[in-house]
Amino acid sequence: GADSRVGERHRRAFHFIGTRLYRPPYRFLREQMRVFDLGFNLGLDNRHRNLQEVAFEDHHATTLKALRERLGVSVHRLHALYNVERTLLPDTAASRRLDLDWKKTDPSDIYPPP
């Protein structure tokens, strides 16, 4: 969703391919596709699209906080979505690695997940 050339038809195509054409064990489950949609929609909503075109090598001296602000990336929103992911897929390695608190605050208390 972070690429301006990607839209709903691409999301639907990925859903179809991922849930029907991929062979097990690579086939996506419904809960996994819901997590994919969270990330996809976050990319669509981000102020700066086409992150693949950002020349990150020009930002070595930029703090991560400043770069996130410039690109419109909300840490609170990311963490709120991490909480949703962990709820939907609690037993995956990816969900177990997520840092769910930000400065000892549950971000979903600040920015409710969709």
> Of all residues in region 15-69, which are among the small types (Gly, Ala, Ser) and under 18 Å from Thr87 (Cα atoms)?
Replying inline: Gly39
>> Restricting to region 69-96, and then to whatever is open to solvent by 80 Å² or more (accessible area, probe 1.4 Å) and under 19 Å from Leu38 (Cα atoms), can you tell me which residue is modelled with the lowest pLDDT?
In response: Arg96
>> Please go through region 53-68 and give me each residue that is exposed (fewer than 13 other Cβ atoms within 10 Å of the Cβ) and in a helix (DSSP H, G or I), ordered by number.
In response: Glu53, Phe56, Glu57, Asp58, Leu64, Lys65, Ala66
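Yes/no matrix, rows are residues, columns are (1) within 15 Å of the chain's Cα centre (by Cα); (2) surrounded by 14 or more Cβ atoms within 10 Å (Cβ to Cβ); (3) assigned to a loop (DSSP other than H, G, I, E, B):
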residue	(1), (2), (3)
Arg9	no, no, no
Pro25	no, no, yes
Met33	yes, yes, no
Arg49	yes, yes, yes
> Taking Asp37 and the conditions (1) touching a Lys or Arg at 6+ places or on another chain (Cβ under 9 Å); (2) open to solvent by 40 Å² or more (accessible area, probe 1.4 Å); (3) among the charged types (D, E, K, R), which numbered condition does it fall short on, given that it satisfies the others?
Replying inline: (2)
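The values are calculated or read from the model by the stated rules, or taken from the named source; none is laboratory data. Since the model is a prediction, treat every value here as computed from it, not as a measurement. Cβ sites come from the backbone with ideal geometry, for glycine too, and all protein chains shown count toward neighbours. For accessibility, only protein heavy atoms count, side chains too; no ligands or nucleic acids. Shrake-Rupley method; radii C 1.70, N 1.55, O 1.52, S 1.80 Å.
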